[in-house]
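Let me begin by presenting the structure, written as structure tokens, before commenting on it.
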Amino acid sequence: MSILRNNLKRLLRDKFNFIVMVILPVTFIALSIFAGNGNFPVRVGVVDNDGTFLTGHLMEGLGKNCIVVMLKEDEIKDKLLNSKVEYVIKIDKGFTEGIIAGEDARIEGYGIKDYNASIPAKLYINSFVSSAKAIAGASGGDADGFERGMGYYLEGNVKASYEDVSNAPSKSGKELQSLGYMVMFMMYLSVNAASLITEDKKFKTYERILVSRLSLRRYALENVLSFFAVIWIQILALFAIMALIFKMDFGASIISLIAFTFIYSVVSVSMGMAIVNLSKTLKQVSSVTPLIVIPMSMLGGCFWHKWIMPEVLQRASSFVPVSWALQGMEKILAGGNIASVGIEIGILLLFSLVFFLLGSARTNSLA
């Protein structure tokens, strides 16, 4: 395993690699925390088939703490599955009349199982409906009296803020924002690591290896293992820094989260090798890397949440692996586990296969 050990020494001794590996991601994480950019409000889809003053007040109150998205009934499943919204409520026709009449009027809710980020919205809706029923009972079925009573209630309570006081790690987006920066710098480090192959060719090390007893297959295998090793060191170091220094609460999800990040490292390493193998010189590698990594990071949601982008860019984000990585991380942070992100894992592995094939095709053409 001489190539593996030698590569690790070369990578870990390089000051630039250390900067990309730890210093830059930690700096970005710290700036995002102190700037307060890590909080993403929950998106609540609303299907309002009643369209009354009462449902209008409900949406106004939700809008104080959530992003309210108006939906049609046939859009509920699609929006939830594609992470366009985290929670959906459906208000049936006659809901307000039922409340005034003292009937057991209810609002149907739809959400992803174990998605704890929707808890604040659920609490607000339950509180609002309970208060509306109490006011309707006090008004004795009088519609005008009920409307006046709701007006008094809202004047005193509509500005009240609420927050998720559960132990769910998704109560704040700072963890997801920090993981986004880690994903971005994993890609940079992967390219730097894979650049060792280009260095070996430049300084004739590659040719000397070919005439030695070491086979080309073993040389390639130990190179790949060294790339994975340095990325895994980066992952463990950054998780330790986020948990111990920045006091981020990953809860019971941390093992699944680390395992999922290890899986994403396959994509990162394969992409790095593809970039290096498709470039002729180290200068080309340095020029091309930012043109690939930065747009992928932007589209994938490393700097901001995808839902703030135009619809066309949100669709385009499905074609970059970063988007699927952060989507899987978001699910795990919301209370899921490694089994709940099977789709994301499958898609990431497909991306890695494509990158490996691209890099291999160029290598074979040069052989």
In sequence order, calculated HN-Hα J values of segment 42-55 (Karplus, 6.51, -1.76, 1.60; Hz; x Gly/Pro): 6, 8, 10, x, 10, 9, 9, 8, 9, x, 10, 4, 5, 5
Label point distance in nm, M309-D78, each placed 7 Å from Cα along Cα→Cβ: 2.0
Net lengthening on full extension, N6/A339 (0.36 nm per residue, minus Cα-Cα): 116.2 nm
Virtual spin-label span in nm between L291 and L31, 7 Å along Cα→Cβ: 2.4
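If R₀ is 41 angstrom, what is the calculated FRET efficiency for the pair D249 and K93, using the beta carbon separation as r and rounding to 0.05?
It comes out at approximately 0.45.
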Exposure ranking of K72, K331 by accessible area [1.4 Å probe, largest first]: K72, K331
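If the limit is 23 Å between Cα atoms, which of K247/K306; K64/K174; K64/K93 go over it?
From K247/K306; K64/K174; K64/K93, over 23 Å: K247/K306; K64/K93.
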Rounded to whole Hz, the Karplus (6.51, -1.76, 1.60) HN-Hα couplings of segment 67-78, x for glycine and proline: 8, 8, 10, 6, 10, 9, 4, 7, 9, 4, 4, 4
Amide hydrogen neighbours beyond the local backbone of I67, cut-off 5 Å, H modeled: V42, R43, V44
Extension gain, V69 back to K280 (0.36 nm per residue minus Cα-Cα distance, nm): 71.1 nm
Those aspartates and glutamates that a straight Cα-Cα span of less than 12 Å connects to K77, excepting residues fewer than 8 apart in one chain: E86
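The values are calculated or read from the model by the stated rules, or taken from the named source; none is laboratory data. Computed from a predicted structure; not experimentally measured. Cβ atoms come from the backbone with ideal geometry, glycine included; neighbour counts cover every protein chain shown. Just so you know, the surface numbers come from the protein's heavy atoms only, side chains and all, with ligands and any DNA or RNA stripped out. Shrake-Rupley method; radii C 1.70, N 1.55, O 1.52, S 1.80 Å.
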